[in-house]
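The values are calculated or read from the model by the stated rules, or taken from the named source; none is laboratory data. Owing to the predicted nature of the structure, the values given are computational and were not obtained by experimental measurement. Please note: Cβ atoms are built from the backbone with ideal geometry, for glycine as well, and neighbour counts cover all protein chains shown. When the accessible area is computed, the model is the full protein with side chains, heavy atoms only, and any ligands, DNA or RNA have been set aside. Shrake-Rupley method; radii C 1.70, N 1.55, O 1.52, S 1.80 Å.
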Amino acid sequence: MDLEKILILDFGGQYSKLIARRTRECGVFSEILSYTSSPERIREKGFKAIILSGGPSSVYEENAPKCDKGIFEMGLPVLGICYGAQLMANTLGGYVAGSGSPEYGSTNVEVDKSSILFSSSNIGNVTETWMSHVDYIKDLPAGFRVTAKTSSCPVAAMEDAGKMLYAVQFHPEVTNTVNGMDIIKSFLFDVCKFKGDWKMSSFIDDAVAKIKEKAGDGKALCALSGGVDSSVAALLVQKAIGDRLTCVFVDHGLLRKNEGDEVEAIFSKFGLNLIRVNAGERFLAKLKDVEDPEQKRKIIGSEFIAVFEEEAKKLGNIDYLVQGTIYPDVIESGAGSSAMIKSHHNVGGLPEHMDFKGLIEPLRELFKDEVRRVGLDLGLPENLVMRQPFPGPGLGVRIIGKITAEKVAILQDADAIFRQEIAAAGLDKEISQYFAALTDMRSVGVMGDFRTYHYTVGLRAVITSDFMTAEWARIPHEVLAKTSNRIVNEVQGINRVVYDITTKPPATVEWL
Ligand code: XMP
């Protein structure tokens with residue numbers, strides 16, 4: 001059975017990935033391609049329908065991203081969203097005007113219930129939508145009719161139902177559009193007639209079948225970090241080729257407290273062919289006296305590769321390298337004039353020059369939350385699947401100044417206490433990332449009858465959706481008090497605890 005899929009043609013909008021996720025939530029597989037994609041390519045890839053994303057441009061700008069007009073003549077259903085709606089109007093002979101009354105935020109839209117898009121019984125005559133536009137469609141292209149309007153936007157939606165061309169000025173993909181999912185479903189199921197039978201469980205069976213086909217009777221190697229992507233990728237490949245997969249877990253000694261043992265224990269349960277390399281001392285030796293953060297990152301990254309290569313050499317005769325590349329790493333960006341494909345650079349990423357027949361990247365089509373769902377379906381424990389991000393260079397970028405075994409141990413203990421207390425307070429799902437960082441500053445304290453001269457540890461906890469900007473978490477004072485109390489009492493070497501109340505920007509999430 002051929003996979004039914006919809007194309008999200010990306011014009012650089014901030015919500016393109018969200019649109020793709022929404023259709024997948026409806027059981028319709030989606031892919032994002034640059035707006036430069038030709039009708040031939042779209043046909044070749046077998047898409048059944050197209051959604052034009054929003055974008056920051058104005059159709060009249062000199063270098064505005066425009067798609068091939070032929071896309072509207074392929075006989076496929078098309079839904080234009082925001083900029084995509086304006087582009088549809090502009091391309092097909094309508095008129096888009098600038099500087100009308102801009103609309104931002106929640107806006108009530110009056111809809112024509114006779115339009116198939118708004119036919120769901122959940123939608124009333126007026127529905128709340130999320131708008132974000134300056135330009136607006138003033139005149140319709142021939143053959144179109146208006147199907148929604150607001151007090152300041154004469155064409156909040158339009159359609160030429162005969163040609164299956166639909167457009168909405170608002171964003172149905174964001175949750176602020178109250179009936180957004182109803183509208184998306186009407187497009188997918190009533191207009192496009194998708195079956196909606198794409199499921200994560202069918203993803204696992206398909207992925208395993210594809211890996212089997214690609215790997216044949218070859219052998220594969222995977223660098224396992226204990227992070228969700230590499231873990232899920234490894235388990236999928238193991239399902240396909242069993243013992244012909246070897247995983248190498250390079251423990252650089254800069255993991256969180258007990259993390260190395262936990263990772264090993266989880267994967268030994270799965271019977272994974274796992275080689276753990278305890279390289280802590282080797283990394284510390286390379287890092288001796290290094291203070292510069294970027295230098296630390298480089299050393300950890302290149303040492304990681306060196307260790308991994310040595311292991312690969314010992315194994316010999318490996319055909320494929322398994323990588324946990326996920327969809328956001330490979331999406332063609334619609335922004336800019338040429339399609340840019342990002343490559344996957346995990347820190348402690350893998351040698352590009354290694355001699356493999358090819359790569360196996362079973363997660364290339366999945367978003368992070370989808371990878372998590374697959375991980376749970378495969379039986380990985382929730383604490384691994386849902387775990388907060390942890391930088392590849394580990395505690396190496398959480399120790400300011402020189403890194404020593406003693407400092408690593410101090411930080412591991414303090415960090416473990418902070419994580420325990422956050423979890424005990426039930427805040428672990430709310431806070432995006434939380435950890436301790438060890439400063440290079442010592443100060444005077446008093447313990448019993450003794451004067452101490454010990455380190456200060458910093459606690460960091462942030463709330464963010466994309467890690468590009470972040471707000472510091474308003475952790476209740478009692479939780480901070482308990483954490484601080486436990487750290488100074490239980491961790492030898494720390495006599496002062498501070499809480500970082502800086503947003504990103506100007507600070508970063510990590511202290512280094
Ligand atoms: P910053 O500190 O740049 O962090 O605000 C944003 C996110 O990226 C993570 N991070 C890293 N991840 N290698 C990684 O794999 C690194 O060198 C690295 N530096 C920062 C950080 O933990 C946060 O989630």
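Ignoring ligands, DNA and RNA, please state the percent of accessible area on the chain from carbon and sulfur, probe 1.4 Å.
On the way: 11250 of 22820 Å².
Exposed carbon and sulfur together represent 49 percent of the surface.
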Note to self: Test of understanding: express the Cα radius of gyration of segment 367-442 as a ratio to 2.2 N^0.38 Å, with N the residue count.
What the structure shows: 1.31
Notebook entry, point to check: If ligands, DNA and RNA are left out, what is the accessible area of residue 139 with a 1.4 Å probe, given in Å² to the nearest 10?
Noted result: 80 Å²
Check: 222 nm [θ] for the chain, helices only, -39500 (n - 2.57) per DSSP H run of 4+, per residue, to 500?
Finding: -9000 deg cm²/dmol
Margin query: Please give me the summed charge of the neighbours of residue 429: other residues whose Cβ is under 14 Å from its Cβ, Lys and Arg +1, Asp and Glu -1.
Written below: -1
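For the pair residue 210 and residue 73, what calculated FRET efficiency results from E = 1/(1 + (r/R0)^6), where r is the Cβ-Cβ distance and R0 = 35 Å, to the nearest 0.05?
Details: r = 33 Å, r/R0 = 0.96.
FRET efficiency, residue 73 to residue 210: 0.55.
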Checklist line | Range of Cα positions in segment 95-154 per principal axis (Å), largest first | finding: 35, 30, 14
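Rank these residues by their accessible area, most exposed first, probe 1.4 Å: 289, 2. Display every interim value, and only then the final one.
On the way: 289 90, 2 135 Å².
Of 289, 2, the descending order of accessible area is 2, 289.
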Check: By its C-alpha gyration tensor, with a ≥ b ≥ c as the square roots of the eigenvalues, how is segment 1-61 shaped: rounded for a/c under 1.5, else prolate for a/b larger than b/c, else oblate?
Finding: oblate
Item checked: Spherically averaged projected area in nm², based on the convex hull that wraps the Cα atoms of segment 415-490 -> 5.8 nm²
Next item on the list: Take peptides 20-27, 51-58, 404-411 and line them up by average Cβ neighbours within 10 Å, highest first, as a rough protection proxy.
Entry: 51-58, 20-27, 404-411
Checklist line | Value of relative contact order over segment 15-67, rounded to a whole percent, pairs C-alpha under 8 Å and six or more apart | finding: 38 percent
Checklist line | Rounded accessible area of residue 239 (nearest 10 Å², 1.4 Å probe) | finding: 120 Å²
Check: Can you give the accessible area per residue of segment 18-87, in Å², using a 1.4 Å probe?
Finding: 35 Å²
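Can you give me the relative contact order of segment 155-208 as a percent, contacts being Cα pairs under 8 Å and 6 or more apart?
18 percent
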Next item on the list: Evaluate Rg over Rh across the chain, taking Cα atoms for both radii and Kirkwood's formula for Rh.
Entry: 1.03
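Provide the per residue accessible area, probe 1.4 Å, for segment 368-505, rounded to a whole number of square angstrom. Can you show the working numbers first?
Numbers: 6590 Å² over 138 residues.
Result: 48 Å² of accessible area for each residue.
Nearest-5 percent of antiparallel DSSP beta bridges in the chain?
Working: 37 of 76 bridges.
Rounded to the nearest five, the antiparallel share is 50 percent.
Average the reciprocal distances over every distinct pair of alpha-carbons in segment 386-512, invert the result, and give the Kirkwood radius in Å.
Values: mean 1/r = 0.0670 Å⁻¹.
With all distinct Cα pairs of segment 386-512 included, I get 14.9 Å.
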Notebook entry, point to check: Over the Cα atoms of segment 31-132, how large are the radius of gyration and the largest Cα-Cα distance (Dmax), in Å?
Noted result: 15.3, 42
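Within the chain, what's the longest stretch lacking chymotrypsin sites (Phe, Trp or Tyr not before Pro) that sit in DSSP loops with no more than 14 other Cβ atoms inside 10 Å?
Numbers: sites that count: 60, 467.
In the chain, the maximal stretch lacking such sites is 61-466.
Sorted by accessible area with a 1.4 angstrom probe, largest first, how do 236, 18 fall? Let's see the in-between values first.
Details: 236 0, 18 40 Å².
Descending accessible area places them as 18, 236.
Could you report segment 151-234's accessible area per residue, 1.4 Å probe, as an integer in Å²? Please list the in-between numbers first.
Values: 3110 Å² over 84 residues.
Result: 37 Å² per residue.
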Margin query: Solvent-accessible area of residue 200, probe 1.4 Å, all protein chains present, reported in Å² to the nearest ten, please.
Written below: 10 Å²
Check: Between the helical axis of 293-315 and the dominant principal axis of the chain, each derived from Cα atoms, what acute angle in degrees is found, rounded to the nearest 10?
Finding: 90 degrees
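So what is the diffusion coefficient of segment 92-248 in µm² per second by Stokes-Einstein at 20 °C and 1.002 mPa s, using a Kirkwood Rh over Cα pairs? Mind dumping the intermediate values first?
Working: Rh = 19.0 Å.
Estimated diffusion coefficient is 113 µm²/s.
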Checklist line | Two-site label geometry, residue 386 and residue 112: point separation in nm, points 7 Å out along Cα→Cβ | finding: 4.6 nm
Checklist line | Descending principal axes extents, segment 223-297, alpha-carbon based, whole Å | finding: 45, 21, 19
